[in-house]
Every structure is written in structure tokens, then in C-alpha cells.
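Here the structure is laid out as C-alpha cells; the discussion comes afterwards.
Please treat every number below as a calculation from the coordinates, not as lab data. All values reported here derive from a predicted model rather than from experimental measurement. All Cβ positions, even for glycine, are placed from backbone atoms using ideal geometry, and neighbour counts span all protein chains on display.
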Amino acid sequence: AIQCAKSGFNLVLSGRNASNLEFVSKTCRGYGVEVIPVCGDITNSSIQTEIIKASQHPEYKLFALVNSAGIGKFGVPAMISDDMLDEMFNINVKAMFSLSRDVINIKNEEDFLNIVNISSDCDQVAFPDATGYCATKSGVLMMAKAFGLAVRGKNVRVTCISPGRVDTYFNNKKPGMRMGALMPEEVAEVVMFAIIANKNLEIQEIRIDSMSRTW
């Protein structure tokens, strides 16, 4: 979001944590852009509707959707309950599908729209303690490819970005605990490339990892 603000994009931002959302919104506004925050659970249809409504600002064109919400529940398969599996699929896959479908439905026919889905290296690399998570991320990858085919020739580009480990709070970690991992700003740089690249480039899939990663 901050990288987009630095590049001059007005933003509709969504998140579950109100204080984090306000902090990021305020930071982005500091770069002179307008920000509409939508706080709530991305799996809630009313929150999705609010996001889509905010994206139809009469003074601006809808230029990009970045689907980056995601969670992981980890452990051997016997530890993953149906409720945990449902939560992962609802956030990682279903919400992404719904928002992608809805922004395509509201875009003006002549405008170019970028959809960027954040996946994971485990959409192709299997991990024994991430069976359900791997299943959701494989779904993200194939969904992006299928969406891309469905809207080919309709001024919509769909890109899936699959990072390796990123130095964030994901999976109960804290920044600094994943030595040699990608930094969030580095992933954001790739997201920006997918958004602003030449419109004739069909960027189906980008796989990234850190050159400093230790195995």
C-alpha cells in the first residue's frame, strides 16, 4: 500500500486490524494520495460489497486490485480441523475469487485493469506441515491462470506472484526471525512492476525468493 502511495495511486485499503489499517492509511495519505479504509473480515460479503462500492469513486478510474489477504494453519494433517480448513479456503481462495469477479464486473470496458494475486512458493512446493495451506495456494495459482484466460482480450491482466519466505508477522513470527528472507518492500516492488508494466505484457506468474536466503 505504501509503495502504491509513493507512486501516486489513490487507494482503497482493507484489513481486519483497525489500528494497523489506520496507521497504514495515515502513512499513505502522507504521500498526498486519497485513502478509503474498509475495516473488517474479507470473507464477509458486506465488507466485500463496501470495498467494491468504494472502488467506484466517480472521479477516479479503477486501475488495480491487489489480493494479498491470507492466513495459514500449520501442523500435520491430523491437527487441521474442518473449521481451520474452511477458514483458510474462505480467506485465501474464496474471497479472492469474489473480489476478482466483482472488480471485473464493474470496470469500464475501455479501461485497463490489473489483478495481482499474492500466493506462496508452496503453490508448487509441498510441505508436510502445511497440507491445507498448500492446497489453498495451489488454488490461488490456478485461479489466477484461469481468470486470465477468461478475461483475455478484455483489457484485464491477471498476475500471480509467488514469494518464498517474507520477513513479516505471518505464522506467529516477528520481523527479524526469518534470516535472509525477502523483505516486504521487495515483494511490493514486484507488485508495482506487475501493475505498471506495459499493457501488452501478459504476466501470468512471477516466482521470487531472496538471494540471501539460508536453507
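Annotations
- Summary value for segment 31-128: 36 percent relative contact order, contacts being C-alpha pairs under 8 angstrom separated by 6+ residues.
- Of the trypsin sites (Lys or Arg not before Pro) in segment 111-165, those whose Cβ has at most 15 other Cβ within 10 Å and which sit in DSSP loop: ARG152, LYS154
- Principal axis dimensions, largest first and in whole angstrom, of segment 122-201 by Cα: 43, 27, 16
- FRET E, pair ALA197, ILE36, Förster distance 30 Å, beta-carbon r, rounded to 0.05: 0.75
- Computed Rg/Rh of segment 14-83, alpha carbon atoms with Kirkwood Rh: 1.09
- Modelled FRET efficiency - R0 30 Å, PHE63 with MET211, Cβ distances, 0.05 increments: 0.45
- Fully extending the segment from ARG29 to ASN172, taken as 0.36 nm per residue of separation minus the present Cα-Cα distance, adds 48.6 nm.
- Each helix, a run of at least 4 DSSP H residues, gives -39500 (n - 2.57); summed and divided by the residues of the chain, these come to -11500 deg cm²/dmol at 222 nm.
- Across segment 94-161, Cα pairs under 8 Å and at least six residues apart give a relative contact order of 40 percent.
- Using the Cβ-Cβ distance between SER46 and ARG16 with R0 set to 22 Å, the FRET efficiency from 1/(1 + (r/R0)^6) comes to roughly 0.95.
- Dipole size of segment 27-86 about its Cα centre, with +1 on Lys/Arg Cβ and -1 on Asp/Glu Cβ: approximately 260 debye, rounded to the nearest 20.
- Seen from PHE63, the other residues with C-beta closer than 14 Å to its C-beta sum to a net charge of 0, counting Lys and Arg as +1 and Asp and Glu as -1.
- Among the lysines of segment 23-94, pairs that are 8 or more positions apart or on different chains and have alpha carbons within less than 29 Å of each other number 6.
- About the Cα centre, charge dipole magnitude for the chain (Lys/Arg +1, Asp/Glu -1 at Cβ), debye: 260 debye
- Rg over Rh, two decimals, segment 44-173 (C-alpha only, Kirkwood Rh): 1.01
- Charge dipole magnitude, Cβ of K and R +1, D and E -1 - segment 78-125, Cα centre, debye nearest 20: 60 debye
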